[in-house]
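For reference, the structure is listed below as structure tokens.
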Amino acid sequence: MSLTERNIIHAIRYFAFFNYAPTGDEIYCFLKTRALKWHFTGILDSMVKKGAVTIKCYGKENCFPSPFSTIPNAPSRYTLPEYSIQIKNQKSKIKNSALKINKIKHYIDLLSLFPQIKLVGLSGTVAMMDADEDDDIDLFIITAGNRLFTGRFFALTLAQFFNLRRKRITDHQLRIKAKNKVCLNLFFDESDMLIPKRKRTEYVAHEVLQMKPVAVKSDVYDRFLKANGWVFNIFPNARIISSIKYKVSINKVNTKYFILNTFADWIEILLQKLQLHFIRKHQTKELITPTQLWFHPEDFGEKMNYTSFQ
């Protein structure tokens, strides 16, 4: 088995760990070795022919041998034979994800009007269009410099107003109560968008590249990717296609039309003290700094047993 074939299997097994069947573009993007696209395509085709990889086509009867389907929103999916059942659920998950995105549209539109909010991105299962019906909606937010806690205040307040705020839940049996709620679990200040060294795992690299911006101001998204160029060391092909797959439109907001143009530094300091007081009451392993808030009690990147899909 060639190195490229081994890495294709590695990429598919990684996604299978999350019950997800990737597209040809996703396998190529998250291949751990650099490869020419035409060469990768030929190898993937060969693996399908040999039965080493299973393919499911959407929208037309026969999309083989090209793994890069031209059907909008319906690319072919790939997995290993032992995980083929995952493909059957893909269409319903795409529908669930689209419905969830639609439910938070007004929330995102209003949140993006605040000058303290520079980027709102989808993460988790919804970003991958892979959500189950009862899933919540993970959001990643980048705020203006020195406005981390002001931005979080607006995000939480609006979520409460729209009845979208996910409450703290410890019992996994109550998961259904988080259905269609927004999980505001990651905030960055634009002055510090570099992911900490101990967080630079394959899992977090996936999360960085899988995040889908839905509201962006200026060039903050490009700067976020540039600050975290280490992800391209793990996934070198991602740099080649990022300008296409992850290209987003930029929202130019003229803040002179809004009463809440900016908050003074002392308000930011006040909100920081108040929020940190409540955060620390429940803090376990969350990473809390003056410029980054990681509300993940369990570090899933460290917890994952990568040997399970090697």
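Just so it is clear, none of the values below were taken in a lab; they were calculated from the coordinates. Given the structure is predicted, the values throughout are model-derived calculations rather than measurements. Don't worry about glycine lacking a Cβ; one is built from the backbone with ideal geometry, like all the others, and counts go over all protein chains shown.
Quick rundown of the values:
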{"item": "Selection status of S97, small (G, A, S) and surrounded by fewer than 20 Cβ atoms within 10 Å (Cβ to Cβ)", "result": "no"}
{"item": "Out of D192, D222, sole residue that is free of Cβ contacts under 8 Å to residues at least 40 places away in the same chain and either more than 20 Å from N237 (Cβ to Cβ) or outside any loop (DSSP other than H, G, I, E, B) (or both)", "result": "D222"}
{"item": "Of all residues in the range 1-31 being surrounded by fewer than 16 Cβ atoms within 10 Å (Cβ to Cβ) and free of Cβ contacts under 8 Å to residues at least 24 places away in the same chain, the one that is farthest from S84 (Cα to Cα)", "result": "M1"}
